[in-house]
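The structure appears below as structure tokens.
The values are calculated or read from the model by the stated rules, or taken from the named source; none is laboratory data. Since the structure is predicted, the reported quantities are computational estimates derived from the model, not experimental observations. Glycine gets a Cβ as well: all are built from the backbone with ideal geometry, and neighbour counts include every protein chain shown. Accessible surface areas use protein heavy atoms only, side chains included; no ligands, DNA or RNA. Shrake-Rupley method; radii C 1.70, N 1.55, O 1.52, S 1.80 Å.
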Amino acid sequence: MEQRTTQNNAKSIIEAYVGKKLEDMRDNPDRETRNLVDLALSLSAGRFQKHFLNLAHSLLEDEKSPYYALIHDAIKNVGSANILKFGMNIGYNSFTAGAKTIRNLEKEHGYNIPWVITFYVDNESFSEEAYSEAIRQGKKLGIFTYIFFCSAIPENLTEIFDEESECAFLLFSDAENIEKGILEQAGEIKNLMLCVKYSDSAVEVCERLRNRKALYSMWYEYSERPMCEELLNSADELHPILTFFVKSQDNYNGYSEVHDEVCKLRDTRTAASVPMEYSGIVRMIDEIISDDSCIAVFDESGNLISVNDSEHNCNFINQPLAEIFEKCYPKSIE
């Protein structure tokens with residue numbers, strides 16, 4: 001109880017400070033961003049915080065860095081409450097307090113716990129009760145970030161986002177489904193980043209999201225190696241925060257050449273929007289948090305599909321997450 005109270009107090013202080021800095025950024029975004037990164041770097045203790053902040057510091061050393069344009073645009077066109085809420089949920093709840101819980105539990109029990117869980121969902125098989133219960137179990141394990149790939153957006157999915165206000169959610173879908181399923185609520189759900197699949201129809205949807213000051217990103221699905229730089233330049237015209245490359249029917253094993261290329265582009269490109277290769281960035285963050293990496297992806301029926309061993313037959317709807325992770329992600333023995 002005492003530890004929980006201390007964490008809440010620390011989070012409240014950080015949240016108040018960051019909220020003040022977000023307001024200050026409206027007047028001088030470049031200087032205040034550098035000051036915020038420098039202060040955070042001097043106070044950071046965790047491995048992930050230091051890795052991320054050192055990267056941010058290096059990218060912002062060049063006063064002509066294209067990422068300043070991204071910061072200017074976000075401060076002007078995304079709601080401050082959205083940036084603060086999503087940022088605190090992923091930055092503090094997930095990468096700080098959650099990461100500490102993950103490391104402690106991994107050390108105690110001898111199996112890996114992912115920092116994020118990915119769900120593929122559709123309308124027909126979606127059960128609000130089952131997904132809510134999975135997220136409640138996940139939080140106890142230190143998991144506060146959840147990704148949803150939606151072929152169609154279930155009507156009551158947003159109720160989970162509202163209920164689990166401590167979590168950060170990323171929802172990947174195409175422009176048509178976002179327009180039908182969640183556009184009217186965009187901007188009101190502060191702990192949500194919408195990820196719009198790139199297409200001709202994405203232009204209008206992104207413009208409407210921008211008008212609503214919603215937090216949104218773009219994504220491309222690829223089967224063969226894509227022309228990353230050209231696609232990024234096209235996406236930048238729609239003003240996303242991030243641009244994801246997602247391999248179709250990904251087997252989630254190891255890093256791909258696309259991940260390596262995207263990392264190089266992130267450091268050298270001349271346009272805004274931060275590029276990410278989906279499974280590579282998930283795995284990379286997991287390695288930083290807890291040495292071994294694992295990635296947990298469940299299909300529409302609740303089956304774990306991110307491991308090759310079909311004998312496990314793991315399904316979060318009828319098995320506890322801790323039991324699934326213990327069975328499928330044992331710690332490496334050196």
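Kindly indicate which of Ser201, Ser217, Ser223 is open to solvent by 70 Å² or more (accessible area, probe 1.4 Å) and of a type in the set (S, T, N, Q).
Exactly one of Ser201, Ser217, Ser223 is open to solvent by 70 Å² or more (accessible area, probe 1.4 Å) and of a type in the set (S, T, N, Q), namely Ser223.
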Filtering segment 283-303 down to residues that are among the β-branched types (Val, Ile, Thr) and not in a loop (DSSP other than H, G, I, E, B), which residue is nearest to Ile117 (Cα to Cα)? Val297
Residues of segment 105-162 being open to solvent by less than 30 Å² (accessible area, probe 1.4 Å), of a type in the set (Gly, Ala, Ser) and more than 21 Å from the chain's Cα centre (by Cα), in sequence order, are Ala130
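What number of residues within segment 288-303 satisfy the criterion of being open to solvent by 20 Å² or more (accessible area, probe 1.4 Å), of a type outside the set (Ser, Thr, Tyr) and at pLDDT 90 or above?
The total comes to 3.
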Filter pass, Cys206 being crowded, with 16+ Cβ neighbours inside 10 Å, in contact (Cβ under 8 Å) with a residue 40 or more places away in the chain and under 27 Å from Cys167 (Cβ atoms): no
Can we say Ser306 is of a type in the set (Gly, Ala, Ser), touching a Phe, Trp or Tyr at 6+ places or on another chain (Cβ under 7 Å), closer than 24 Å to Ser94 by Cα and part of a loop (DSSP other than H, G, I, E, B)? yes
Confirm whether Glu323 is without any contact (Cβ under 8 Å) to a residue 24 or more places away in the chain, among the acidic types (Asp, Glu) and either open to solvent by 40 Å² or more (accessible area, probe 1.4 Å) or within 13 Å of Glu106 (Cα to Cα) (or both). yes
Of everything in segment 249-262, what is open to solvent by less than 30 Å² (accessible area, probe 1.4 Å) and either of a type in the set (A, V, I, L, M, F, W, C) or modelled with pLDDT under 90 (or both)? Give them in sequence order. Asp250, Tyr252, Val258, Val262
Filter result (in contact (Cβ under 8 Å) with a residue 12 or more places away in the chain and assigned to a helix (DSSP H, G or I)) within segment 105-135: Leu105, Glu106, His109, Glu128, Ala130, Tyr131, Ser132, Ala134, Ile135
Run down Ala272, Ala235 and say which single residue is surrounded by 19 or more Cβ atoms within 10 Å (Cβ to Cβ), without any contact (Cβ under 8 Å) to a residue 40 or more places away in the chain and not in a strand (DSSP E or B). Ala235
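Would you confirm, using the coordinates I've provided, whether Ile160 is assigned to a loop (DSSP other than H, G, I, E, B) and either among the polar types (S, T, N, Q) or touching a residue at least 12 places away in the same chain (Cβ under 8 Å) (or both)?
Considered against the rule, which asks whether it is assigned to a loop (DSSP other than H, G, I, E, B) and either among the polar types (S, T, N, Q) or touching a residue at least 12 places away in the same chain (Cβ under 8 Å) (or both), Ile160 comes out as no.
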